[in-house]
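Below: the structure, in structure tokens.
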Amino acid sequence: MKSIIQQLTPNNKELDKSQVAAIHTKMNSPSINKNRNNFLKKVAIGGIVLGGSLSLLVENTIAQTISKVSETTVQADIRITDLNDAMEEPIRQYTYAWNQESPAAIKEALVKCWSATSTYIDPRTPLAVGIDQLVEVIYKSYKRSPGRKFRLVSKADCHHGSGRFKWELILANKEVIEGTDYFEYNEKKQITRIVGFFGALL
């Protein structure tokens with residue numbers, strides 16, 4: 001019986017259609033039906049066929065599932081990448097506003113990325129709502145530190161209506177202060193909220 005099983009079971013544990021047909025033929029031959037031992041052989045062979053079929057079924061199911069998960073992950077990555085790219089310009093426009101020297105120039109820059117209800121806050125600044133209040137915050141910042149410049153040091157990282165980006169403040173004396181801003185945005189790709197943080201995380 002052991003030799004028969006070994007003959008009927010390939011090393012790779014996979015059975016093609018011709019092998020299955022040959023096994024069924026051998027199972028139904030008169031010689032296998034002669035006695036109890038042959039009956040047991042028939043049961044064993046049937047189990048091998050069933051096991052092989054189930055194995056192939058499971059392998060195919062796993063392969064299909066992995067394929068679907070991989071496809072979904074790729075699609076999600078593409079959507080996130082597209083969204084990050086879409087928010088690059090509003091974030092650049094916002095940073096540009098911080099580098100203007102007059103209230104008029106600051107406001108002209110902000111109207112392209114800010115809304116009437118957008119809010120700004122950082123550790124040193126109370127809540128500013130709307131364009132005019134943020135113009136005042138930015139202008140006061142410039143008056144306190146003439147010649148200072150902001151620059152982006154990362155791309156926007158976005159998902160589900162929120163994101164973050166890193167920036168550096170270069171003072172007139174060349175001192176550099178780094179920070180991170182958390183932001184939220186709407187379907188118009190306007191920034192609706194910014195919470196600023198100074199310094200690196202410890």
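The values are calculated or read from the model by the stated rules, or taken from the named source; none is laboratory data. Quick caveat: nothing in here was measured; it's all calculated off a predicted structure. For neighbour counting, all protein chains shown are included, and Cβ atoms are generated from backbone atoms with ideal geometry for every residue, glycine included. Note: accessible area is taken over every heavy atom of the protein model, side chains too, but ligands, DNA and RNA are not part of it. Shrake-Rupley method; radii C 1.70, N 1.55, O 1.52, S 1.80 Å.
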For the structure I just gave you, tell me whether Glu71 is modelled with pLDDT of 55 or more, open to solvent by 90 Å² or more (accessible area, probe 1.4 Å), in a helix (DSSP H, G or I) and of a type in the set (D, E, K, R). no
Of all residues being in contact (Cβ under 8 Å) with a residue 40 or more places away in the chain and assigned to a loop (DSSP other than H, G, I, E, B) in segment 148-187, which is farthest from Arg92 (Cα to Cα)? Just the residue, please. Asn186
For segment 121-147 the number of residues that are small (Gly, Ala, Ser) and either open to solvent by 40 Å² or more (accessible area, probe 1.4 Å) or not in a helix (DSSP H, G or I) (or both) is 3
Hey, any hits in segment 111-120 for a residue that's open to solvent by 50 Å² or more (accessible area, probe 1.4 Å) and in a strand (DSSP E or B)? yes
State the number of residues belonging to segment 161-181 that are open to solvent by 80 Å² or more (accessible area, probe 1.4 Å) and under 23 Å from the mean Cα position of the chain (by Cα). 2
Do you know which of the residues in segment 190-202 that are open to solvent by less than 70 Å² (accessible area, probe 1.4 Å) and modelled with pLDDT under 95 is nearest to Ile131 (Cα to Cα)? Gly199
